[in-house]
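Okay, structure first, notes after.
Throughout, read-outs are computed from the coordinates displayed, never taken from laboratory work. This structure is a prediction, so every number in the text was calculated from the model and none was measured. Note: ideal-geometry Cβ built from the backbone for every residue, glycine included; neighbour counts use all protein chains shown.
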Amino acid sequence: MTQYGTVALGGTFDIIHKGHLALLSKAFSISSHAIIGLTGDELALKMKKKTTNDYSKRFESLTNVIQKKFPNSSYSIRKLENDFGPAAMEGNVDALVVSEETSNKGEILNTIRKKRNLSQVEVVIVPMVLAEDGNRISSTRIKNSEIDTDGKLS
């Protein structure tokens, strides 16, 4: 059910896992268009994220997953060079889709948007996706071979 015209979400999407799919699924199910902010290599470095794949590989991988799992979805992928990218600049964003872990980003974004005389966005929180062991699924845990991309214990 489409509730919003345009939603924004963001992430590094280094190793795409079930948690990422939950975010994407929510974004596509509630909007007619999703702007996906993909962390640029410089920002990842600044955030001290150890990525396995560079921006172009992550872009390609994200595009492939969306085309395969969410065909006919309207989206654009934009390079993030700061925490908010297009969501802070563009007036046509109606909602920000975040995980429980990053839910505070919504308040920060609305403060930035208010200063720019842009309308406030709804913050849509997607529950964390847990692995078999009850802990959250993350790229770090996958890289450490604790779990696979579906959260199954290795």
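In the chain, the DSSP beta bridges split such that about 10 percent are antiparallel, to the nearest 5.
Distance between the C-alpha centres of the stretch 112-149 and the stretch 1-66: 10 Å, rounded to the whole angstrom. If only the Cβ of Lys and Arg carry +1 and only the Cβ of Asp and Glu carry -1, the dipole of the stretch 4-129 around its Cα centre is close to 100 debye. Exceedance of the 28 Å cut-off in Cα-Cα distance is limited, within the set 50/105; 79/143; 18/57; 68/115; 46/68, to 68/115; 46/68. Ordering 153, 24 by the number of other Cβ atoms within 10 Å of each residue's own Cβ, fewest first, gives 153, 24. Neighbours of residue 139 by Cβ distance under 10 Å: Lys/Arg scored +1, Asp/Glu scored -1, total +3. When the charge dipole of the stretch 46-129 is built from unit charges on Cβ atoms (+1 for Lys and Arg, -1 for Asp and Glu) and taken about the Cα centre, the candidate among 111, 76, 128 whose Cα reaches farthest toward its positive end is 76.
Note that the stretch 44-58 has calculated 3J(HN,Hα) couplings of 4, 4, 4, 7, 6, 8, 8, 8, 7, 10, 7, 3, 4, 5, 5 Hz, one per residue in order, obtained from phi through the Karplus relation 6.51 cos²θ - 1.76 cosθ + 1.60 (θ = phi - 60°); glycine and proline are x.
In terms of the mean number of neighbouring beta-carbon atoms within 10 Å, the peptides 99-108, 134-143 order highest first as 134-143, 99-108.
Computed from Cα atoms, the angle from the helix 18-30 axis to the main principal axis of the chain rounds to 30 degrees.
Relative to the longest principal axis of the Cα atoms of the chain, the long axis of helix 104-115 makes an angle of roughly 20 degrees.
Classify the chain as rounded, prolate or oblate from the Cα gyration tensor: take a ≥ b ≥ c as the square roots of its eigenvalues, call it rounded if a/c is under 1.5, otherwise prolate when a/b beats b/c and oblate if not. Cα axes put the chain in the prolate bin.
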